[in-house]
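Encoded as structure tokens, the structure appears first; notes follow it.
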Amino acid sequence: MIVDSHAHVVMPSELYQYMGELVASRANPAGKFSGVSRESIDEVASRLISVMDGVGTDIQFLSPRPYMMLHSLKPARVGAMWTRAVKRCDLRQVQAVPESLSRRSRIATV
């Protein structure tokens, strides 16, 4: 079994859009994240599994990309809202293909 213990969450376009909105607004007003469609999660997970299959990886342990977690932005609410959205997306990807993906991220949700 080939295990990739250092893989990162692959984000759908809806998540990048939310990131842009949070950064631009600095969470003021703080609109809730409307979420990512099931189709987007399936598409991103499918692309990731394709890459894994192509290189012979059986399972990946996912975590967020540290430099993309927005933890240095002020106010702190930006990072907290972003962390929640990324963790939800991460969980949904793992739930879509649990035989191939596992969560490794243990960043506290603020």
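Quick note: the coordinates plus some simple rules give every number you see, no bench work behind them. Note that the coordinates shown come from a computational prediction; the quantities given were computed from them, not determined experimentally. Backbone-built Cβ (ideal geometry, glycine too); neighbour counts: all protein chains shown.
Just a few scattered comments:
- Where trypsin sites (Lys or Arg not before Pro) in DSSP loops with at most 11 other Cβ within 10 Å are excluded, longest remaining stretch of the chain: 33-105
- Volume per residue of the convex hull around the Cα atoms, evaluated for the chain, comes out as 91 Å³.
- Within a Gaussian network of the chain (alpha carbon springs, distance under 10 Å), most fluctuating of L73, L22, L62: L73
- Other residues lying with their Cβ under 15 Å from the Cβ of A27 contribute a combined charge of +4, Lys and Arg counting +1, Asp and Glu -1.
- Once the Cα atoms are used to define both axes, helix 76-96 deviates from the longest principal axis of the chain by about 20 degrees.
- The amide H of V9, built 1.01 Å from its N in the peptide plane, has S63, R65 as neighbours under 5 Å, considering only residues 5 or more places off or on other chains.
- GNM top mover of V78, V36, V55 - the chain, alpha-carbon springs below 10 Å: V55
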